[in-house]
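Nothing in this text is a laboratory measurement; each read-out follows from the coordinates by a stated rule. For clarity, every value in this text was computed on a predicted model and none was experimentally measured. Neighbour counts run over all protein chains shown; Cβ positions are idealised from the backbone, glycine included.
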Amino acid sequence: MELVVFGVVTLAASSIVWSTLRFGISPMPSSGRVRDTLIDLLPADQQGVLHELGAGWGTLAFAIARRCPQARVIAHEGSIVPFLFCALRKAISRPPNLELRFGNFLQADLRGAAGVITYLWTGGMEQLAPKFSAELSPGAFVLTHTFAWRGREPNSVVNVGDLYRTPIYRYVIK
Ligand SMILES: C[S@@+](CC[C@H](N)C(=O)[O-])C[C@H]1O[C@@H](n2cnc3c(N)ncnc32)[C@H](O)[C@@H]1O
C-alpha cells in the first residue's frame, strides 16, 4: 500500500515537473486576495464565452464561473495533474457553465470570445500576444494579473491590496 502511494505521489510530482519545463511555468495558484479583486472586476451579468488560459488547480476558473452565471467559461490546462484535480472539483461542485479543456491553449480558438482571463509569466504573455491580436474581436477584453501584455496600453490597472500591490491589467481590443 505504502509503495502504491509512493509511486502515485512520485508520478504526480514528475508530471508536474515535466509540464513546468514544457510550459515554462508551474501550476502556482493566484492568491485569495488577487482572485477576489480580479473577480470583482468582472460584471456579474457578463455574457458570452470567457476563456481562462492556464487554469492550474481551478482557483480562477471556478470563481469566474460562479461570478458570471450567464457566461460560458472554458478553462484550458495543459498539465495533467492540475487538470485532473479540476475535473474532480467539477464532478463535486458541478458548475453548470464551466467547461474544462485539456491541452495547449496556444491551439485553442479564441474567436468570438467575450474575454480572456489569465495568470502566466512574461514569456507566456509574449506567446499569446499575436494570438490575442489575430483572434479577439473589437470589444473583447483581456484580464491578466502580475504580467502585462507588453507593447499594449492597458485600459485600466487595479492594484491588489496585498504586499506586492499585484497589478491586474485590463485590455479592451479596439
Ligand atoms: C501560474 S498558473 C495559473 C493557475 C490559475 N490560473 C490561477 O490563477 O490560480 C499557470 C498555468 O498555466 C498552465 N499553462 C501554461 N502554458 C500553457 C499552455 N501553453 N497550454 C496549457 N496550459 C498552460 C500551466 O500548466 C499552469 O497550470
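Applying Stokes-Einstein at 37 °C and 0.692 mPa s to the Kirkwood radius of the chain, computed over alpha-carbon pairs, gives a translational diffusion coefficient of 197 µm² s⁻¹.
With respect to the chain, whose longest principal axis is taken over its alpha-carbon atoms, helix 122-135 is tilted by about 50°. The sum of -39500 (n - 2.57) across all DSSP H runs of n ≥ 4, divided by the residue count of the chain, sets its helix-only mean residue ellipticity at 222 nm to -12500 deg cm²/dmol. Per-residue Karplus couplings for the range 87-94, computed as 6.51 cos²θ - 1.76 cosθ + 1.60 with θ equal to phi - 60°, are listed in order as 4, 5, 4, 5, 5, 7, 9, 6 Hz, Gly and Pro entered as x. Computed log10 I(q)/I(0) for the range 1-98 at 0.17, 0.19 Å⁻¹: -0.79, -0.93, from the Debye equation with unit scatterers placed on every C-alpha and solvent omitted.
Summing Lys and Arg as +1 and Asp and Glu as -1 over all other residues whose Cβ lies under 12 Å from the Cβ of E135 gives a net charge of +1. Using each residue's phi in the range 4-20, evaluate 6.51 cos²θ - 1.76 cosθ + 1.60 at θ = phi - 60° and report the 3J(HN,Hα) Karplus result to the nearest Hz, with x for Gly and Pro. Karplus-based 3J(HN,Hα) across the range 4-20 equals 5, 4, 4, x, 5, 5, 5, 4, 4, 5, 5, 5, 5, 4, 4, 6, 5 Hz.
Model label points for R111 and W18, set 7 angstrom from Cα along the Cα-to-Cβ axis, are 3.4 nm apart.
Each residue of the range 158-165 is assigned a 3J(HN,Hα), and the resulting list reads 10, 9, 5, x, 10, 4, 8, 6 Hz, derived from the Karplus form 6.51 cos²θ - 1.76 cosθ + 1.60 (θ = phi - 60°), x at Gly and Pro.
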